[in-house]
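All remarks here apply to the structure that follows.
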Amino acid sequence: MLRQQFHTLLHRGWQLAFAQQRTHERAKEHALGSLCVMGRRTISRSLGALGRSDCDWSADYRMFSRARWQPERLFDPVLDEYLQRYPKGPVVIALDDTKLRKTGKKIPGCCWQRDPLSPPFQVNLLYGLRFLQTSLLFPHSREGAYPPRG
């Protein structure tokens, strides 16, 4: 039942984000495959969860690198659901700032940054990538004795 609801949400909400139907179908498969993967969520692990690890991967990698789609439109169904459930309340988000150490000098987006583990009296630097994640928090406490979910 949860799988069917997830599939319906992706089918209905993600359709406008993709220029082609086959890219839309492949993205839905990867979304379902990434839910079934433990550990790092890579394209190859997602393909393994879908049972396609022995097939040609070029179309899947092409979807992430060259296919025309609008990543910002992927979150429209979540925002629509939130505004439909809670039209009056404030929109609450949680932010997470993470720095990932890298050693390669040709990695796009890498730069020198302040190490968050350095003491305040001695600033240390690290070379790496910075990720900023935003999660929309659903206030389920309005519906009962439930904690908020991101």
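Here are the numbers:
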{"quantity": "Any hit, segment 55-62, residues being modelled with pLDDT of 90 or more and surrounded by 11 or more Cβ atoms within 10 Å (Cβ to Cβ)", "calculated": "no"}
{"quantity": "Residue within segment 77-95 that is under 15 Å from the mean Cα position of the chain (by Cα), closer than 27 Å to GLN4 by Cα and surrounded by 13 or more Cβ atoms within 10 Å (Cβ to Cβ) present", "calculated": "yes"}
{"quantity": "Flag if SER141 is without any contact (Cβ under 8 Å) to a residue 24 or more places away in the chain, closer than 30 Å to GLN84 by Cα and open to solvent by less than 100 Å² (accessible area, probe 1.4 Å)", "calculated": "yes"}
{"quantity": "Matching residues in segment 50-75 - criterion: being outside any helix (DSSP H, G or I) and touching a Phe, Trp or Tyr at 6+ places or on another chain (Cβ under 7 Å)", "calculated": "TRP69"}
{"quantity": "Checklist (1) assigned to a helix (DSSP H, G or I); (2) open to solvent by 60 Å² or more (accessible area, probe 1.4 Å); (3) among the hydrophobic types (A, V, I, L, M, F, W, C); (4) in contact with a strand residue (DSSP E or B) (Cβ under 8 Å, 6 or more places away or on another chain) applied to ALA27, failing item", "calculated": "(2)"}
{"quantity": "In segment 111-137, residue most open to solvent (accessible area, probe 1.4 Å) [restricted to those that are more than 23 Å from VAL92 (Cβ to Cβ) and among the aromatic types (Phe, Trp, Tyr)]", "calculated": "PHE121"}
{"quantity": "Those residues of segment 76-112 which are part of a strand (DSSP E or B) and not aromatic (Phe, Trp, Tyr), in sequence order", "calculated": "VAL92, ILE93, ALA94, LEU95, ASP96, ASP97, THR98, LYS99, LEU100, ARG101, CYS111"}
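The values are calculated or read from the model by the stated rules, or taken from the named source; none is laboratory data. Computed from a prediction, not measured in an experiment: that's the story for all the values here. Note that we place each Cβ from the backbone using ideal geometry, even for glycine, and neighbour counts take in every protein chain shown. When the accessible area is computed, the model is the full protein with side chains, heavy atoms only, and any ligands, DNA or RNA have been set aside. Shrake-Rupley method; radii C 1.70, N 1.55, O 1.52, S 1.80 Å.
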